Amino acid sequence: MCLHRLIQIFLLLVTVEGYTQNVNIDSIVSAKVEKMTIDEKISMIGGYKGIYLRGFEKFGIPEIKMSDGPMGIKNNGKATAFPASIAMAATWNPELIQQVGKVIGDEAKSKKIGILLAPGVNIYRVPHNGRNFEYYGEDPYLSSSTVVSFVKGVQGEGVIATVKHFAANNEDYDRHRVSSNIDTRTLYEIYFPPFKAAIQEGGALAVMTSYNPVNGVHAPESSYLINDVLKKEWGFKGFVMSDWISLYTTNAVNAGLDLEMPNPDFMNSKNIIPLINNGVVTESTINDKVFRIIKSCYSTGLYNNATHDTIVDWGKHDQISIDVAREGMVLLKNDNSILPIQSKKIKKVALIGLYVFNTPHSGGGAARVEPYKKVDLFNAILNEAGKKVKIETLLTDSLKIDTFIKNESPDLNEKIASYDLVIICTGFNERSEGEGHDRPFQLPAEENKLIEKVSGINGNTAVIVLSGSGIEMPWINKVKALLYAWFPGQAGSVAAAEILFGKVNPSGKLPISIEKLWKNNAAYETYDTSHAILNAKPLFSLYGEEHMVFNMPYKEGIFTGYRHYDRYQIQPQFEFGFGLSYSNFTISDMKLSKELIKGDDRLIVSVKVKNSSDRKGKETVQLYIHDIESSLIRPVKELKAFKKVELNAGEEKVVELEISKKELSFYNPDLKKWVCEDGKFEALIGNSSRNITCRKEFNYQN
Ligand code: BGC
């Protein structure tokens, strides 16, 4: 028998085996469901003890605990606090994010948690959204790549990942009432893709609906979102849970929601039995929900492993959290190569600002993890500086900062001027940026004044920003260096210090565009900035209240983020995909494997990447597609592939990226499907969305 035939038989056996296994699981799960009374079944579709799935020992179904979230395990004792999700996206390194998912899954398992309430994949639309730090930025492709890896990592450990918040949680102000009103094409091209990828490519077994209504309907009660899109169109076989206290009626039952969290306030026997008796709800609808829940847990092994202990390697998890910070921090400015700090030139450094000591590791809300250890910027920088560079602190509390910005003090000015470098640590913290509220695009006024004044006194000023979103930078031309550190997790300060002193060569790239002015943003006309209040008290629930729904029209449609800046030729402060390195890279010699792609052919785009510096570093090759001939208007360019590569000093590598029909298609709302039209396209490659160094045309034919 030839090798080809042997392989065919092997593949057939594997498929048959998978099929048989599935059939077996289905019949085991169905048998369990059949044995349950209607009350028992209904009790499984509402949360239990606030954070559990109900269990029934007599059916061999243990209760299953859940826990947040996207940056680590919350409320369950010792846990590693990882950098914000937006920092994970900024690594452009899906393999690393898979490791994060894996170790969070491992910590979950060690705490007997079977369902992780993460990852969050809502798109960054406005810088104000208090939850942007929990998500993966503005681009559907980058978000999709990141989420698929995270989900695979978590679920590989036998823990269910819950993709949230379906759909369009793009601001958090008054989130129970503000409806995200979005046209179909925009939903499909911008806001849905990361969810779809998490399910179809990552295999995510749970989805959590959003607080915000979508097109006027509360998400957990939206048959369109759950039945039509998730279950029918995408073939989602797992279960859909509500966000905490977000139902308003029992409509959720027929809309496809499988689990109401955290308590069965609406989905309980008292409400549902009469609906069954009246023929409004069928028992098979309830059976399907219970089946989905049990099957997801069963196939993940949760019913076998619920008592399974693992020993966590805390040191390793801490290192992975630092690795993400190392690769996710973005160096946005570095005039005169002031960084990395060279002890020959820079002997005395002052650290200034509120976050030198109280370095925020996370934004606030459900995603905030209590770290088991924490390193602040002062200690990390002091440690990295060693003996050759003297580190001092100045103006690290609000009282002193306030006095300094309001008064003239020649002595203090002289002192500030005497340092070879001043580093200001600024941004937001878990109180000013987080879940349940939005925050301003502008830093607190005192922070801006502090940077203005210090940089006016000392020409060698660097800024470290801690935040989960973009900020306005009125002082940008006065500072020499800017490191965007996001919320860096428990030990991210170590990574910042290593970047400052050159032990780590920065390689993060922005997963968002940072606009110069708020008025440049695509949502400027529709988003009301009076909602973005500094230190606003989070609004967590409006449970049981009658309430109106307010409309938030997404007038910009698909033109959000760089798609908007490209369309109107607006120069952002820093563009999507941008980030500096201490090395110099050139990307050149683009080659296409063919000039005409037909049907499902794959196109291989290759370029040469050269590190022409004397320092090892990492560069991210980004491939954008431009559709030259199209019946519907399309963005000037869209990210469709990328690869991060490491190059030694002087080294050159060929990088290959692959695309096919899927990456060339757009969603046609009239035809209700993705289409790829015949005609001309252009492949654009660069190391940011604006620094495009190679471009070549090709044709597509169906
Ligand atoms: C958040 C969810 C979270 C849940 C449980 C809600 O407030 O929106 O993301 O998973 O709380 O903590």
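The values are calculated or read from the model by the stated rules, or taken from the named source; none is laboratory data. Note that this is a predicted model, so its numbers are computed, not measured. Neighbour counts are summed over all protein chains in view; Cβ atoms, including those assigned to glycine, are modelled from backbone coordinates with ideal geometry. All accessible areas refer to the heavy atoms of the entire protein, side chains included, with ligands and DNA or RNA removed. Shrake-Rupley method; radii C 1.70, N 1.55, O 1.52, S 1.80 Å.
Residues in region 581-596 that are under 12 Å from GLU697 (Cβ atoms) and outside any loop (DSSP other than H, G, I, E, B) were compared, and the one that is most open to solvent (accessible area, probe 1.4 Å) is LEU596.
Please indicate, with yes or no, whether at least one residue in region 204-214 is assigned to a helix (DSSP H, G or I) and touching a helix residue (DSSP H, G or I) at 6+ places or on another chain (Cβ under 8 Å). Within region 204-214, not a single residue is assigned to a helix (DSSP H, G or I) and touching a helix residue (DSSP H, G or I) at 6+ places or on another chain (Cβ under 8 Å).
Does GLU107 satisfy being under 29 Å from PHE428 (Cβ atoms) and within 12 Å of the ligand (Cβ to nearest atom)?
Here the answer is no, as GLU107 does not meet what is asked.
Among the residues of region 368-384, is any outside any helix (DSSP H, G or I), crowded, with 20+ Cβ neighbours inside 10 Å and within 16 Å of the ligand (Cβ to nearest atom)? Looking for residues that are outside any helix (DSSP H, G or I), crowded, with 20+ Cβ neighbours inside 10 Å and within 16 Å of the ligand (Cβ to nearest atom), one finds at least one in region 368-384, hence yes. Counting only residues that are under 25 Å from the mean Cα position of the chain (by Cα) and of a type in the set (Lys, Arg), which one in region 414-450 is surrounded by the fewest Cβ atoms within 10 Å (Cβ to Cβ)? Filtering region 414-450 for residues that are under 25 Å from the mean Cα position of the chain (by Cα) and of a type in the set (Lys, Arg), the one surrounded by the fewest Cβ atoms within 10 Å (Cβ to Cβ) comes out as ARG431. Check whether at least one residue in region 23-44 is under 26 Å from VAL465 (Cα atoms) and either at pLDDT below 95 or within 16 Å of the ligand (Cβ to nearest atom) (or both), and report yes or no. Scanning region 23-44, I find no residue that is under 26 Å from VAL465 (Cα atoms) and either at pLDDT below 95 or within 16 Å of the ligand (Cβ to nearest atom) (or both), so the answer is no.
Condition first: within 14 Å of the ligand (Cβ to nearest atom), open to solvent by less than 10 Å² (accessible area, probe 1.4 Å) and not in a helix (DSSP H, G or I). Can you find one or more residues in region 177-195 that meet it?
Within region 177-195, not a single residue is within 14 Å of the ligand (Cβ to nearest atom), open to solvent by less than 10 Å² (accessible area, probe 1.4 Å) and not in a helix (DSSP H, G or I).
Restricting attention to region 80-130, which residues are out of contact with any Ser or Thr (no Cβ under 9 Å at 6 or more places or on another chain) and either open to solvent by less than 10 Å² (accessible area, probe 1.4 Å) or within 30 Å of THR526 (Cα to Cα) (or both)? Across region 80-130, the qualifying residues are ALA87, ALA90, GLY105.
Tally time: how many residues in region 226-256 are under 19 Å from PHE550 (Cβ atoms), within 25 Å of the chain's Cα centre (by Cα) and either more than 14 Å from the ligand (Cβ to nearest atom) or of a type in the set (S, T, N, Q) (or both)? Total meeting the criteria: 1.
Answer yes or no as to whether LYS102 is of a type outside the set (Gly, Ala, Ser) and on the phi > 0 side of the Ramachandran plot. It is false that LYS102 is of a type outside the set (Gly, Ala, Ser) and on the phi > 0 side of the Ramachandran plot. Of the residues making up region 320-334, at least one is surrounded by fewer than 22 Cβ atoms within 10 Å (Cβ to Cβ) and assigned to a helix (DSSP H, G or I). Could you please find all residues in region 86-104 being within 16 Å of the ligand (Cβ to nearest atom) and over 13 Å from the mean Cα position of the chain (by Cα)? Result: ILE104, single match. Checking each residue in region 260-318 for being buried (at least 21 other Cβ atoms within 10 Å of the Cβ) and of a type in the set (A, V, I, L, M) picks out MET261, MET267, ILE272, ILE286, VAL290, ILE293, ILE294, LEU302.
What residue, among those in region 150-176 that are away from the ligand (no atom under 15 Å from the Cβ) and surrounded by fewer than 24 Cβ atoms within 10 Å (Cβ to Cβ), is farthest from GLN99 (Cα to Cα)? Per the criteria, the residue is GLY158.
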